[in-house]
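**Q** What follows is a single structure, and I will ask about it in a moment.
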Amino acid sequence: MNKPESVSYTAPQPGLEEEKTVQRERLSGILVHPTSFPSPYGIGDLGPGAYAFIDFLKASSQHLWQVLPLGPTGFGDSPYQGPSAFAGQPLIISPDKLAKMGLLTEQDLQDRRDWDPRKVDYGPVIQYKTELLKKAWHAFFHTPDKTLMEQFETFCRKEAYWLDDYALFMACKDAHGGCRWLEWEPSLVNPTEKTKTEWRTKLKDEIDYYRFVQFIFELQWEELRSYAHENDVEIIGDIPIFVSLDSADVWANKKLFDLDTKGFPRTVAGVPPDYFSATGQLWGNPLYNWVHHEKTGYKWWISRIRRQLQLTDYLRIDHFRGFEAFWSVPAEEETAMNGAWIKGPGEKLFRAVEKELGTGLPIFAEDLGVITPEVDHLRESLGFPGMKVLQFGFGDMGDKKYIPHFYTDVNCICYTGTHDNDTTAGWYHSQPEIIKDRIRRYGNTSGDLIGYDFIRFSFSSIAKYAIFPIQDLLLLGSEARMNTPGVAAANWAFRYVQEDLNKDKAFWLKQTTELYARD
């Protein structure tokens, strides 16, 4: 495989000027987060396993790769609850690539545990990968490669608008034993610029470490993305609508959020009881002060979307319905049941983004859950594709909008399931016989390879985009589920091994893709 050994940092340009080389009417692809890739270092990364996945996409005629949020994770290891809406995930930095840069030695790479190849054990992995990154950081500041140092300095200047606060936040967090910023001393909970300067001087080395990690993430990600583009693969990114309370974003931009005078949220985010949870989902994220956002011309949101579209080609926005109206729960509540719908910024926000980044934003709207005509109208007025999840349609035959033969608009994404669903095989085997029978008759199938069947259903639909989690191609059961909403532990751990993506899988997928003209 012709894989580049290294890449130089080039400052991303504002806007969405990059042209798509090929325009296709029908596209398909695979949902898999980098943490799931094969790797000998305890967690998937941006090394050989990632490039092998791109090769598989090409061999099977897929042109889309969807990821979960690419940022660092926080409590519960969730990519939807991280300390930054702008930073990259340090855990997916490839040690192999660091060694090729001369920042790690062969001995560094050999000193590793016998990791489970099919599951991430986050606690030990975090400790192990952090040790490797700090070794690389120390080597970096003794490197004779002046060009690399110049690239680092360029990166720090260009990304200072988010990087400075993030690096300071993380360094201060370490200096306070990892506790929440709300538990820091008052002068640092609400710091003046003078206080920030004092802490930047005090924690200079620690701050430089966090800047270095983000620089390396950017190098490795852009190299992988370039390889994807060379192989006619585009990447769908993902951002949660809300951010974590314990994040650099809230700490450094308190006026943008609905907080009390001490910095605690007055109201928090969630969703009312739905398909996923009888008591709703209490996410706990602070809600936005949309009045203040509007006064700033939605500057923070424009910066956030611009940043993500510099890393990916499309952007899925999780919980899109929250822009029309969001579920507001008093912060003292223990469940999401006692909340209220509050109007969001609606079209004004996205028109402001369009004014800065251009029209025709490549955004996918996650429009699942309690969807009203007003939400549909907002999405349609912006031209964003919505989501169709097959499991929702076949699990309840009365929910016609998710069943392929009821689709009326090609501008949508048909999923077999999402990261929040059980795998298709796990879901199918948990259904009552009456549901299984309907599915078998619908697809003229035995149901023995139900993951393949659902992929075929999605590909045959009129939806412009058809996407499936990799677990469905691998025909895996509930043991391979990525996330169970409302359950705090044992999520986000799924991994596969390289042998899973064999030639037979590629051949079947390529044939199916060609059959339904998605190649």
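The values are calculated or read from the model by the stated rules, or taken from the named source; none is laboratory data. All figures in this text were calculated on a predicted structure; none of them were measured in a lab. Cβ coordinates were reconstructed from backbone atoms using ideal geometry, including for glycine residues, and neighbour counts include every protein chain displayed.
**Q** For segment 337-350, which residues satisfy the criterion of being in contact with a Phe, Trp or Tyr (Cβ under 7 Å, 6 or more places away or on another chain) and in contact (Cβ under 8 Å) with a residue 60 or more places away in the chain?
**A** Hit for segment 337-350 is G339, nothing else.
**Q** Answer yes if at least one residue in segment 65-76 is assigned to a loop (DSSP other than H, G, I, E, B), more than 26 Å from F215 (Cβ to Cβ) and small (G, A, S), and no otherwise.
**A** no
**Q** Now, a different point. If you go through segment 271-287 one residue at a time, how many are on the phi > 0 side of the Ramachandran plot and either in a strand (DSSP E or B) or free of Cβ contacts under 8 Å to residues at least 24 places away in the same chain (or both)?
**A** Result for segment 271-287: 1.
**Q** Picking from L390, L382, L378, which residue would you name as being more than 22 Å from E25 (Cα to Cα) and either within 25 Å of the chain's Cα centre (by Cα) or not small (G, A, S) (or both)?
**A** Every option except L378 fails the conditions.
**Q** For segment 491-503, does any single residue satisfy the condition of being out of contact with any helix residue (DSSP H, G or I) (no Cβ under 6 Å at 6 or more places or on another chain), closer than 20 Å to T418 by Cα and small (G, A, S)?
**A** yes
**Q** Residue by residue through segment 432-483, note down the ones that are touching a helix residue (DSSP H, G or I) at 6+ places or on another chain (Cβ under 7 Å), over 23 Å from S78 (Cα atoms) and of a type in the set (S, T, N, Q).
**A** Those that are touching a helix residue (DSSP H, G or I) at 6+ places or on another chain (Cβ under 7 Å), over 23 Å from S78 (Cα atoms) and of a type in the set (S, T, N, Q): T445, S446, S458, S460, S461.
**Q** Could you list, in sequence order, all residues of segment 367-414 that are polar (S, T, N, Q) and buried (at least 21 other Cβ atoms within 10 Å of the Cβ)?
**A** Within segment 367-414, just Q391 meets the criteria.
**Q** Limited to segment 38-70, what total is found for residues that are crowded, with 24+ Cβ neighbours inside 10 Å, of a type in the set (G, A, S) and over 30 Å from E106 (Cβ atoms)?
**A** Going through segment 38-70 one residue at a time, the tally reaches 0.
**Q** Can you tell me which of (1) at pLDDT below 95; (2) of a type outside the set (A, V, I, L, M, F, W, C); (3) crowded, with 20+ Cβ neighbours inside 10 Å is the one D111 doesn't meet?
**A** (3)
**Q** Anything in segment 250-274 that is under 17 Å from E324 (Cα atoms) and either of a type in the set (V, I, T) or at pLDDT below 95 (or both)? List them, or say none.
**A** Across segment 250-274, the qualifying residues are V268, G270, V271, P272.
**Q** Answer yes if at least one residue in segment 173-191 is in contact (Cβ under 8 Å) with a residue 24 or more places away in the chain, of a type outside the set (A, V, I, L, M, F, W, C) and crowded, with 19+ Cβ neighbours inside 10 Å, and no otherwise.
**A** Scanning segment 173-191, I find at least one residue that is in contact (Cβ under 8 Å) with a residue 24 or more places away in the chain, of a type outside the set (A, V, I, L, M, F, W, C) and crowded, with 19+ Cβ neighbours inside 10 Å, so the answer is yes.
**Q** If you don't mind, there's one more thing I want to ask. Name every residue in segment 247-267 that is of a type outside the set (G, A, S) and outside any loop (DSSP other than H, G, I, E, B), in order of residue number.
**A** Listed by number, the residues that qualify are D249, V250, W251, K254, K255, L256, F257, L259, P265, T267.
**Q** What are the residue pairs meeting all of these: first residue in segment 243-266, first residue in contact (Cβ under 8 Å) with a residue 60 or more places away in the chain, second residue basic (K, R) and surrounded by fewer than 20 Cβ atoms within 10 Å (Cβ to Cβ), Cβ atoms under 7 Å, and 6 or more apart or on different chains?
**A** Correct list of pairs: D246/R180; G263/K254.
**Q** Could you list, ordered by first residue, the pairs with Cβ atoms under 7 Å in which the first is in segment 436-447 and more than 14 Å from Q391 (Cβ to Cβ) and free of Cβ contacts under 8 Å to residues at least 40 places away in the same chain and the second is surrounded by fewer than 16 Cβ atoms within 10 Å (Cβ to Cβ) and aliphatic (A, V, I, L, M), at least 6 apart or interchain?
**A** none
**Q** Follow-up. Take the residues in segment 87-134 that are of a type in the set (K, R) and in a loop (DSSP other than H, G, I, E, B), then tell me which one is nearest to G74 (Cα to Cα).
**A** Across segment 87-134, the extreme among qualifying residues is R118.
**Q** Moving to a separate point now. Before we move on, is G417 outside any strand (DSSP E or B), surrounded by 24 or more Cβ atoms within 10 Å (Cβ to Cβ) and not hydroxyl-bearing (S, T, Y)?
**A** For G417, the condition - outside any strand (DSSP E or B), surrounded by 24 or more Cβ atoms within 10 Å (Cβ to Cβ) and not hydroxyl-bearing (S, T, Y) - is met.
**Q** Next question. Are there any pairs with C-beta distances below 6 angstrom linking a residue in segment 476-495 that is closer than 9 Å to V120 by Cα to a residue that is of a type in the set (V, I, T), with the two at least 6 apart or on different chains, and if so which?
**A** A493/V120
**Q** Sticking with this structure for a sec: Would you list the strands (runs of 3 or more DSSP E) that sit entirely within segment 288-391 and hold 1 or more residues that are at pLDDT 95 or above and among the basic types (K, R)?
**A** The strands (runs of 3 or more DSSP E) meeting that bar are 314-318, 340-343, 386-389.
**Q** Moving to a separate point now. Between T143, T154, which is in a loop (DSSP other than H, G, I, E, B), farther than 25 Å from K254 by Cβ, touching a residue at least 24 places away in the same chain (Cβ under 8 Å) and of a type in the set (S, T, Y)?
**A** When all the criteria are applied, what remains is T143.
**Q** Among the residues of segment 417-435, is there at least one that is acidic (D, E), over 21 Å from Q511 (Cβ atoms), at pLDDT 95 or above and over 23 Å from the mean Cα position of the chain (by Cα)?
**A** yes
**Q** Okay, moving on. Scan segment 424-462 for residues that are polar (S, T, N, Q) and over 18 Å from S28 (Cα atoms) and report the count.
**A** The total comes to 5.
**Q** What residue, among those in segment 276-299 that are among the aromatic types (F, W, Y) and crowded, with 17+ Cβ neighbours inside 10 Å, is nearest to G346 (Cα to Cα)?
**A** That would be W290.
**Q** Moving on. Looking only at segment 397-404, decide whether some residue is among the β-branched types (V, I, T), under 25 Å from the mean Cα position of the chain (by Cα), over 16 Å from E347 (Cβ atoms) and not in a helix (DSSP H, G or I).
**A** no
**Q** Okay, next question. Determine whether segment 488-508 contains at least one residue that is surrounded by 21 or more Cβ atoms within 10 Å (Cβ to Cβ) and basic (K, R).
**A** Yes, the conditions are met somewhere in segment 488-508.
**Q** Follow-up question, since we're still on this one. Identify the residue in segment 443-485 that is in a loop (DSSP other than H, G, I, E, B) and touching a strand residue (DSSP E or B) at 6+ places or on another chain (Cβ under 8 Å) and, among all such residues, is nearest to G393 (Cα to Cα).
**A** Within segment 443-485, the match that is nearest to G393 (Cα to Cα) is S461.
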